[in-house]
Amino acid sequence: MSVFTDLPAALVSALAEQDITEPTPVQAAVLPDALQGYDVLGRARTGSGKTLAFGLPILARLTGRRSRPCHPRALVIVPTRELATQVARSLLPLAKAVDLRLTTVYGGTPYERQTRQLRQRADIVVATPGRLDDLFENGYLFFDDVEMTVLDEADHLCDLGFYPAVDRLVGLTPAGSQRLLLSATLDGDVDTLVRTHLRDPRIHELDPNAGSITTMTHHTLTVGGFRDKVEAVTRLVEANGRTIVFTRTRESATHLAEALTDAGVEAVDLQGNLSQRVRERNLHRFASGAAQVVVATDVAARGIHVDDVGLVVHFDAAGDPKSYLHRSGRTARAGRDGCVVTLTTPKLVQQVVRLQQGAGVEVLHHDLRTAPSTLTAEALAEAGHPGPVRDHDAKRPQGRRGPKPYRGQGRGGRPQRKQYAGGHRSAKKRTAA
């Protein structure tokens, strides 16, 4: 018997209208305990159905009663504005079905509009920590009536430095209220939050080894320089469709999106220098299919939750294994297959190998000079080497001594000065993401 049968009939009907009739594994595990009022600690990767796993218990518990103005009865705390929007988009139709009001509060949007919505009654508030704390401090909302608090992507909250604010905000909710924490990892500050704020939680680890995702293949593609990287991304997108590309800096994200668009691949960027309006517009273009590629920095990409992303490209290698897995988790969501490609130069191959070993993933290696002409995930899986491609493994054109130089290399294989759209990279100020 489905756990959905324990939900109010109006919720079951609203789910059926969206063709949701059976729970995902994380929902089947979390819902029974959450519906009975237990605190829940859940570990599951992005794309597993976490939003409904915590959203449905909130809606079931609050149905049939109204909240006081400025006194929400449920809080959902998330790390980014984009994630707040995604959560709201998933829960709003269900909330309307049971006559509950949901409000999002985050920075970069008009303050007055959010305070007005709180005064008009908000049963559920989905918020980022900074704006939530600000509204509380200025007397626009109170936590006295909070019955349920959810920390979604708690590891990301802590990674972004929100631990002190989250610790304080959860501590302001009633001591006996129900709390749910969902995270991809359960160490460090996340563990402290669990021990401080959850009472004898029911624990569900739906993805105990984040590196062992059977529907995801990992590849390393060695290239010569920036121009080769742009060519590689262009060919990968043309062969695989909707793609998320990661860069290390905000500036790089902007320049790469421009370079890809110039190469005939419609691309948008998502990074911290953009206004909230532009970020939302770009994310909508990507989600709707108007843009094939979104080029993002690590922080900005935390809010990207699009199920049918077939390819993730690390244009710049991740900083550590944890970041590699977070980035890669944007594909192979909801049971679909996915492909992850890390671009690197010969000089940095071993550094990338160590990174991937730390992430616990099995990787196939390629060289752009000898890679398949069409870079589909299937072709890469067939053509890959179990170890880095050595220079003498690359095909040598007849009449040449030694391997064919990469594009972007000068005479003798010396790298040319890398260029971005609009000028030399060395003339641009690098901006941290």
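Of the conditions (1) over 22 Å from Phe142 (Cβ atoms); (2) in a helix (DSSP H, G or I), Gly108 satisfies every one except a single condition; which number is it? The failed condition is (2). Somewhere in region 335-351, is a residue at pLDDT below 90, surrounded by fewer than 24 Cβ atoms within 10 Å (Cβ to Cβ) and under 13 Å from the mean Cα position of the chain (by Cα)? Within region 335-351 (the criterion being at pLDDT below 90, surrounded by fewer than 24 Cβ atoms within 10 Å (Cβ to Cβ) and under 13 Å from the mean Cα position of the chain (by Cα)), the answer is no, since none of the residues qualifies.
Being closer than 30 Å to Leu15 by Cβ and basic (Lys, Arg) narrows it down to one residue among Arg168, Arg195, Arg101; which is it? None of the other options fit; the residue is Arg101. Note on region 358-384: among residues that are touching a residue at least 12 places away in the same chain (Cβ under 8 Å), under 25 Å from the mean Cα position of the chain (by Cα) and in a helix (DSSP H, G or I), the one that is surrounded by the fewest Cβ atoms within 10 Å (Cβ to Cβ) is Ala381. Identify the single condition in (1) surrounded by 19 or more Cβ atoms within 10 Å (Cβ to Cβ); (2) more than 22 Å from the chain's Cα centre (by Cα) that Arg227 does not satisfy, given that it satisfies every other one. Among (1) surrounded by 19 or more Cβ atoms within 10 Å (Cβ to Cβ); (2) more than 22 Å from the chain's Cα centre (by Cα), Arg227 violates only (1). Take the conditions (1) assigned by TED's automatic domain parsing to the domain that holds Ser328; (2) in contact with a helix residue (DSSP H, G or I) (Cβ under 6 Å, 6 or more places away or on another chain); (3) buried (at least 20 other Cβ atoms within 10 Å of the Cβ); Ser183 misses just one of them, which is (1). Regarding Thr104, is this residue in the same structural domain as Phe54 (by TED's automatic domain parsing), out of contact with any Gly (no Cβ under 9 Å at 6 or more places or on another chain), surrounded by 17 or more Cβ atoms within 10 Å (Cβ to Cβ) and under 18 Å from Leu157 (Cα atoms)? Yes. Filtering region 127-168 to residues that are outside any helix (DSSP H, G or I) and hydroxyl-bearing (Ser, Thr, Tyr) leaves Thr128, Tyr140, Thr149.
Here Asp99 meets the list (1) farther than 26 Å from Gly171 by Cβ; (2) in contact with a Lys or Arg (Cβ under 9 Å, 6 or more places away or on another chain); (3) among the charged types (D, E, K, R); (4) modelled with pLDDT under 95 almost entirely, failing just condition (4).
In region 219-242 there is at least one residue matching the filter, namely being at pLDDT 90 or above, in contact with a His (Cβ under 8 Å, 6 or more places away or on another chain) and of a type in the set (A, V, I, L, M). Here is a list of conditions, (1) within 22 Å of the chain's Cα centre (by Cα); (2) modelled with pLDDT of 90 or more, and Ile213 meets all of them except one; can you say which number that is? Going through (1) within 22 Å of the chain's Cα centre (by Cα); (2) modelled with pLDDT of 90 or more one by one, Ile213 breaks only (2). Select from region 26-63 the residues that are over 28 Å from Met216 (Cβ atoms) and without any contact (Cβ under 8 Å) to a residue 40 or more places away in the chain and write down the one among them that is surrounded by the fewest Cβ atoms within 10 Å (Cβ to Cβ). The extreme case among them is Gln36. Just name the residue that is farthest from the chain's Cα centre (by Cα) out of those in region 154-168 that are at pLDDT 85 or above and hydrophobic (A, V, I, L, M, F, W, C). Per the criteria, the residue is Ala165.
Counting only residues that are in a loop (DSSP other than H, G, I, E, B) and of a type outside the set (Gly, Ala, Ser), region 117-126 holds 3 of them. Being touching a helix residue (DSSP H, G or I) at 6+ places or on another chain (Cβ under 6 Å), over 27 Å from Gly272 (Cβ atoms) and buried (at least 23 other Cβ atoms within 10 Å of the Cβ) is the requirement here; does Ala97 meet it? Considered against the rule, which asks whether it is touching a helix residue (DSSP H, G or I) at 6+ places or on another chain (Cβ under 6 Å), over 27 Å from Gly272 (Cβ atoms) and buried (at least 23 other Cβ atoms within 10 Å of the Cβ), Ala97 comes out as no.
The values are calculated or read from the model by the stated rules, or taken from the named source; none is laboratory data. Since we're looking at a predicted model, the values are computed, not measured. Please note: Cβ atoms are built from the backbone with ideal geometry, for glycine as well, and neighbour counts cover all protein chains shown.
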